[in-house]
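The values are calculated or read from the model by the stated rules, or taken from the named source; none is laboratory data. Predicted model, so just to flag it, every value in this text is computed and none were measured. Here the Cβ positions follow ideal geometry from the backbone for every residue, glycine too, while neighbour counts run over all protein chains shown. The area values use the complete protein model at the heavy-atom level, side chains included, leaving out ligands, DNA and RNA. Shrake-Rupley method; radii C 1.70, N 1.55, O 1.52, S 1.80 Å.
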Amino acid sequence: MRILFLLLFLAGLAVGIGYPFVVSNVSGREIGRYPAYERRSGYTVVEADLSAADAPVRVLVDMSSLGSLTLDGATTALTLTATVGGRTVLATTLKFAHQQPRSDNPQAGGMIYRDDAGLIDPVESGRYRFVLGPGDAERIEMRSAEIILRAGASDMDPRAVPIGYTLMAIGFVGFFVSLQRRKKTPEAPPPPKWGR
């Protein structure tokens, strides 16, 4: 039974954590990376030509900080708006609170935080404008930010994460209980020694 519970836990890990990461960061092909903020020059409007064949297009934002940040998800770090032909196709807030940051500058303690801004689907062929702006969070020492566009990106099944975490919980509890039962199982008494 322990092996079964361990397999359930690993399956939950793959579905609840691995699958969302792959969908958000790996699926599809990268169209390009576009600088949207530099500490010295400020925010820059990003323009990119997209075609209907690129659909759906996933929009990611990488934010590089000067040091480690405390992001609790209660406040908005950045805002992003995407338009084509004067029509808004994506408007979202970015909190950067749900993914593990990666090191950018170990000497200065800089980190890179990524957030998923969402999907553009359907995609109208034309020139898209992406406007990045500040949110309501205070004391964010941001060094730079860039927008990453990925074509042909998959959309995540909303049922995957809760199912994955449920499997992980069942597997963990079941594995722990099976270990406790094994410890409590009394050992069989030794066979009697018959004298000669």
Task: the stretch 49-71, residues that are of a type in the set (A, V, I, L, M), over 11 Å from D121 (Cβ atoms) and outside any strand (DSSP E or B) - done: A53, L66, L69, L71
Task: Unique residue being open to solvent by less than 70 Å² (accessible area, probe 1.4 Å), in contact with a Leu (Cβ under 8 Å, 6 or more places away or on another chain), farther than 30 Å from E138 by Cβ and not charged (D, E, K, R) when the list is V46, V57 - done: V57
- [ ] Mind telling me which of the residues A91, A82 ends up being on the phi < 0 side of the Ramachandran plot, at pLDDT 95 or above and touching a Leu at 6+ places or on another chain (Cβ under 6 Å)?
- [x] A82
Task: Residue check, D136 charged (D, E, K, R), closer than 14 Å to V61 by Cβ and in contact with a Ser or Thr (Cβ under 7 Å, 6 or more places away or on another chain) - done: no
